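The values are calculated or read from the model by the stated rules, or taken from the named source; none is laboratory data. All figures in this text were calculated on a predicted structure; none of them were measured in a lab. All Cβ positions, glycine included, derive from the backbone under ideal geometry; neighbour counts span all protein chains shown. Each accessible area value is taken on the protein alone, full model and side chains, heavy atoms only, with ligands, DNA and RNA left out. Shrake-Rupley method; radii C 1.70, N 1.55, O 1.52, S 1.80 Å.
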Amino acid sequence: MGVSVFPAASAASKTRYAETLTSGTSWTVPAGVTYVNALLVGGGGGGGGCGGGTASLSSSPGSPGSSIESNVATTPGASIAYAIGGGGTGGTTTTSGSAGGSTTFTGATTATGGNGGHKTDITGATGSVSYANNGGQNSSTQGGGGGSGGVGGAGFIRLEYFI
């Protein structure tokens with residue numbers, strides 16, 4: 001991930017603000033803000049399901065969502081539309097996990113969701129919300145009944161700006 005560079009401050013005493021958006025559909029630009037650094041993270045893919053059987057089996061975990069960082073020119077008071085990518089659903093005993101949703105922020109590049117894990121023949125854990133790894137956990141079994149894969153972690157948007 002690259003280092004973001006903001007336009008030079010005209011006054012030496014600007015204050016840094018940071019917000020994390022995890023729900024909603026629009027953000028209002030605060031007074032005095034003409035640029036915002038936006039980190040977008042797509043939803044993680046759901047883990048693959050496991051069909052069970054007599055052998056030790058394991059499906060694949062979901063992939064984390066991509067992360068993209070952009071500097072976006074803004075107009076104070078404007079409303080900026082965005083969407084948070086949901087985590088993919090975990091696979092069942094007969095299916096693979098689904099892909100996570102894409103995260104968007106108007107004026108920035110889209111962060112795509114991660115791929116779902118593949119099914120193989122015990123329930124996985126829910127993916128954590130982290131841009132390093134938000135994919136759903138895989139399902140595995142030591143014989144007997146199979147299980148569902150974990151749900152992928154939801155995406156988010158991290159905004160940073162100076163006033």
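A few remarks follow.
- Filter result for the condition that a residue is hydroxyl-bearing (Ser, Thr, Tyr), farther than 17 Å from Gly113 by Cα and modelled with pLDDT of 85 or more, over Thr54, Thr20: Thr20
- Restricting attention to the stretch 61-109, the residues being polar (S, T, N, Q), in a loop (DSSP other than H, G, I, E, B) and under 30 Å from Phe162 (Cβ atoms) number 6.
- For Gly48, the stated conditions do not hold, so it cannot be described as open to solvent by less than 40 Å² (accessible area, probe 1.4 Å) and under 21 Å from Ser26 (Cα atoms).
- Residue match in the stretch 25-33 (condition: on the phi < 0 side of the Ramachandran plot, at pLDDT 95 or above, part of a loop (DSSP other than H, G, I, E, B) and not hydrophobic (A, V, I, L, M, F, W, C)): yes
- Residue pairs meeting the criteria (Cβ under 6 Å; at least 6 apart or on separate chains; first over 15 Å from Ser67 (Cα atoms), in the stretch 148-163; second surrounded by 23 or more Cβ atoms within 10 Å (Cβ to Cβ) and modelled with pLDDT of 95 or more): Tyr161/Val36
- The listed residue being open to solvent by 50 Å² or more (accessible area, probe 1.4 Å) and over 19 Å from Thr25 (Cα atoms), out of Thr95, Thr75, Thr106: Thr95
- Some residue of the stretch 127-149 being modelled with pLDDT of 80 or more, small (Gly, Ala, Ser) and crowded, with 23+ Cβ neighbours inside 10 Å: no
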